[in-house]
Amino acid sequence: MIKFLDLHKINERFRKEIDEKIKEVLDSGWYLLGNQDKAFEKNFADYCGVKHCIGCANGLEALTLIIRAYGFSKGDEIIVPANTYIASILAISENGCTPVLVEPDINTYNINPDLIEEKITEKTRAIMVVHLYGQAVQMEKIWQIAKKHNLKIIEDSAQAHGAVYQGKRTGNLSDASGFSFYPGKNLGCMGDGGAVTTNDDELAQKIRALANYGSHKKYCNLYKGLNSRLDEIQAAILDVKLPHLDMDNEKRRQIAKYYRENIKNPKLILPEAYDEKAHVWHVFAVRTKDRDGFQQYLTQNEIQTIIHYPTPPHKQEAYKEWNNLSFPITEEIHNTIISIPISPVMTDTEIQQVVEVLNGYN
Ligand SMILES: *Cc1c(COP(=O)(O)O)cnc(C)c1O
């Protein structure tokens with residue numbers, strides 16, 4: 001079986017360094033908000049090209065913290081793509097704000113900038129963009145809209161560590177960005193982890209406090225915060241893996257290129273990249289009419305797949321109030337999409353086998 005993602009193999013490459021780092025943390029007797037956290041935050045901020053990085057517990061809370069820090073709450077609207085992982089939308093709901101869904105572009109799967117302005121009302125406070133599947137959103141038009149209407153832009157960069165748009169990396173394309181280091185992401189730890197990046201000094205300070213019970217100083221609480229911290233062991237592991245992120249992303253690009261050049265099957269629609277550097281191929285998602293039949297065929301041929309995602313947020317039970325809304329492009333994507341294996345540890349034989357099996361589908 002060709003695994004969708006072999007996490008053990010991915011992390012095994014750094015086994016020795018990770019073992020040593022974990023031992024270092026154990027020996028230090030200090031497990032939260034210490035030197036490992038500081039070092040990783042500095043290195044990840046430098047990597048993204050921003051002034052501040054604040055580690056937190058996971059990607060969902062990174063986004064939640066940003067919205068809370070801006071003070072957006074009940075009655076405020078935040079624009080978000082209808083075609084995203086549910087966490088982007090949960091972060092908005094969690095703060096009592098209203099998510100306003102916008103259809104994606106069928107070619108990039110990212111939010112369609114031409115459909116944003118018609119959704120803006122006097123209650124709109126922010127636009128959340130999601131760099132879905134690893135492809136940086138084309139921000140130019142969104143920057144203009146945000147400026148014109150005085151809105152904040154928040155990036156959900158959970159799938160796109162290292163993707164580049166106009167010479168800048170994700171995490172540095174907006175007012176503030178949320179990252180996830182869930183094990184399966186392009187930069188993943190061995191448990192849960194997340195971070196916020198921003199160039200805004202005041203916002204960074206506030207988020208740091210909010211993530212630590214709303215406290216800048218022990219037992220002195222300025223805000224109603226939460227407990228959302230990146231622990232020392234996860235920070236240490238991430239700091240070992242970060243220097244290899246660009247190499248891993250490059251390997252993903254090479255596989256994606258090989259797939260796009262060699263998979264030739266009229267029944268499959270392959271993903272596009274508007275710019276090679278803009279895409280870090282967190283997933284390689286193809287579309288096909290009889291998706292479930294195709295998935296079965298791949299399983300029979302020893303290729304593991306995952307569907308990102310089978311049900312759009314507006315059709316989820318959790319958002320019953322939206323179940324009657326119609327987002328045809330989002331629904332079309334959810335009904336036809338399927339992700340095939342892509343990862344920095346795939347062998348050439350595996351990559352070729354995937355191509356052969358996909359070309360043999362009829
Ligand atoms: C993974 C993911 C998140 C959530 O990150 P967690 O660390 O799992 O909370 C948010 N948004 C997107 C687009 C994701 O892929």
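The values are calculated or read from the model by the stated rules, or taken from the named source; none is laboratory data. These figures come from a predicted structure and were not determined experimentally. Cβ: placed from backbone, ideal geometry, glycine included. Neighbour counts: every protein chain shown. These area figures cover heavy atoms from the full protein model, side chains too; ligands, DNA and RNA do not enter into them. Shrake-Rupley method; radii C 1.70, N 1.55, O 1.52, S 1.80 Å.
Candidates in the range 72-114 are the residues that are under 16 Å from the mean Cα position of the chain (by Cα) and assigned to a helix (DSSP H, G or I); of these, the one that is nearest to the ligand (Cβ to nearest atom) is Ala87. Out of Arg252, Arg229, one residue alone is outside any loop (DSSP other than H, G, I, E, B), in contact (Cβ under 8 Å) with a residue 24 or more places away in the chain and of a type in the set (Lys, Arg). It is Arg252.
Looking at the range 250-258, can you tell me whether even one residue there is over 30 Å from Ala45 (Cα atoms) and among the hydrophobic types (A, V, I, L, M, F, W, C)? Before you say what the answer is, go through the steps one by one.
Of the range 250-258, the ones over 30 Å from Ala45 (Cα atoms) are 258.
Right, trim to among the hydrophobic types (A, V, I, L, M, F, W, C) and you get none.
For the range 250-258, residues over 30 Å from Ala45 (Cα atoms) and among the hydrophobic types (A, V, I, L, M, F, W, C): absent.
Applying the criterion of being of a type outside the set (A, V, I, L, M) and either touching a Phe, Trp or Tyr at 6+ places or on another chain (Cβ under 6 Å) or within 29 Å of Arg252 (Cβ to Cβ) (or both) to the residues of the range 115-140, the residue that is farthest from the ligand (Cβ to nearest atom) is Glu140.
Screening Ile54 against (1) among the aliphatic types (A, V, I, L, M); (2) within 16 Å of the ligand (Cβ to nearest atom); (3) within 19 Å of Leu325 (Cα to Cα) leaves a single unmet condition, (3). Here Ser215 meets each of (1) buried (at least 18 other Cβ atoms within 10 Å of the Cβ); (2) touching a helix residue (DSSP H, G or I) at 6+ places or on another chain (Cβ under 8 Å) with one exception, condition (1).
The numbered conditions (1) touching a residue at least 24 places away in the same chain (Cβ under 8 Å); (2) open to solvent by less than 10 Å² (accessible area, probe 1.4 Å) are all true for Val164 except (2).
Please verify whether Lys206 is crowded, with 16+ Cβ neighbours inside 10 Å and either away from the ligand (no atom under 14 Å from the Cβ) or polar (S, T, N, Q) (or both), treating the condition exactly as stated. When the stated conditions are applied, Lys206 passes them.
Would the range 19-37 turn up any residue that is within 17 Å of the chain's Cα centre (by Cα), touching a residue at least 60 places away in the same chain (Cβ under 8 Å) and open to solvent by less than 40 Å² (accessible area, probe 1.4 Å)?
From the range 19-37, those within 17 Å of the chain's Cα centre (by Cα) are none; that's our starting set.
No, every residue in the range 19-37 fails to be within 17 Å of the chain's Cα centre (by Cα), touching a residue at least 60 places away in the same chain (Cβ under 8 Å) and open to solvent by less than 40 Å² (accessible area, probe 1.4 Å).
When you look at Asp246, is it outside any loop (DSSP other than H, G, I, E, B), under 19 Å from the mean Cα position of the chain (by Cα) and under 30 Å from Lys141 (Cβ atoms), yes or no? Considered against the rule, which asks whether it is outside any loop (DSSP other than H, G, I, E, B), under 19 Å from the mean Cα position of the chain (by Cα) and under 30 Å from Lys141 (Cβ atoms), Asp246 comes out as yes.
Please go through the range 50-62 and pick out each residue that is over 26 Å from His149 (Cβ atoms) and in a loop (DSSP other than H, G, I, E, B). Working first, answer last.
Residues of the range 50-62 that are over 26 Å from His149 (Cβ atoms), as a first pass: 53-61.
Correct list: Ala57, Asn58.
Of everything in the range 167-195 that is among the aliphatic types (A, V, I, L, M) and either open to solvent by 10 Å² or more (accessible area, probe 1.4 Å) or within 12 Å of the ligand (Cβ to nearest atom) (or both), the residue that is nearest to Arg229 (Cα to Cα) is Ala195.
The test for being part of a strand (DSSP E or B) and within 15 Å of the ligand (Cβ to nearest atom) does not hold for Leu65. Being in a loop (DSSP other than H, G, I, E, B), without any contact (Cβ under 8 Å) to a residue 40 or more places away in the chain and among the basic types (Lys, Arg) is the requirement here; does Lys185 meet it? No: the conditions fail for Lys185.
I need a count of the residues in the range 315-347 that are part of a helix (DSSP H, G or I), under 27 Å from Val280 (Cβ atoms) and in contact with a helix residue (DSSP H, G or I) (Cβ under 9 Å, 6 or more places away or on another chain).
Going through the range 315-347, the residues part of a helix (DSSP H, G or I) turn out to be 315, 317-322, 328-336.
So of that shortlist, the ones also under 27 Å from Val280 (Cβ atoms) come out as 329-336.
Keeping just the survivors that are in contact with a helix residue (DSSP H, G or I) (Cβ under 9 Å, 6 or more places away or on another chain) gives 330-331, 334-336.
Residues in the range 315-347 being part of a helix (DSSP H, G or I), under 27 Å from Val280 (Cβ atoms) and in contact with a helix residue (DSSP H, G or I) (Cβ under 9 Å, 6 or more places away or on another chain): 5 in total.
Of the residues making up the range 117-161, those that are open to solvent by less than 70 Å² (accessible area, probe 1.4 Å) and in a loop (DSSP other than H, G, I, E, B) are Ile120, Thr121, His131, Ala136, Val137, Met139, Leu151, Ser157, Ala158, Gln159, Ala160, His161.
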